[in-house]
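Data block below; observations after.
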């Protein structure tokens, strides 16, 4: 018997295991939360068995899976037919998505700014760079958002660049002596 025949629900099990690991939870934590035996969850994740419809719905709910991902997991389990209302997308277009390719053009020109507005929220900061246009008006130049940790790293990088610019713009030092010459200190 081939390995594939012994694990008929490997894609489903792999996805369930991925969801559990991404939420940084143990088999015991997830099995306890959905009130199933830990061994059963392990068998589901290994692809040996598929969970009953009710158990799969509990797992979908527990991992807070939405729309298309929940429907795909349901179909991976081989439950064809009617999709339960709990996971059925409300918009028919979600069930039949069309591939969309979005191209974003990057403008690599340097944009200069003479003002900045910083807005903070629970996710991080947003910096709105502006340029004065005269008559007390400003025009937006760029908008950047980042986490607080990333903002600290940006500040440190800017500080290092400013220090480097400050101390490297001083007088030039003499070039080092070549290996054949003796310095006056050795004479």
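The values are calculated or read from the model by the stated rules, or taken from the named source; none is laboratory data. Computed from a predicted model, the values in this text were never measured in an experiment. Here Cβ is always computed from backbone atoms with ideal geometry, including for glycine, and neighbour counts include all displayed protein chains.
Note on region 73-91: residues that are surrounded by 15 or more Cβ atoms within 10 Å (Cβ to Cβ) and touching a residue at least 24 places away in the same chain (Cβ under 8 Å) amount to 6. Among all residues of region 148-164, there is none that is more than 30 Å from residue 64 (Cα to Cα) and modelled with pLDDT under 85.
From the list 20, 43, the lone residue that is touching a helix residue (DSSP H, G or I) at 6+ places or on another chain (Cβ under 6 Å) and either surrounded by 20 or more Cβ atoms within 10 Å (Cβ to Cβ) or part of a helix (DSSP H, G or I) (or both) is 20. For region 50-72, the set of residues classified as within 22 Å of residue 22 (Cβ to Cβ) and either in a loop (DSSP other than H, G, I, E, B) or touching a strand residue (DSSP E or B) at 6+ places or on another chain (Cβ under 8 Å) (or both) consists of 50, 51, 63, 64, 65, 66, listed by residue number.
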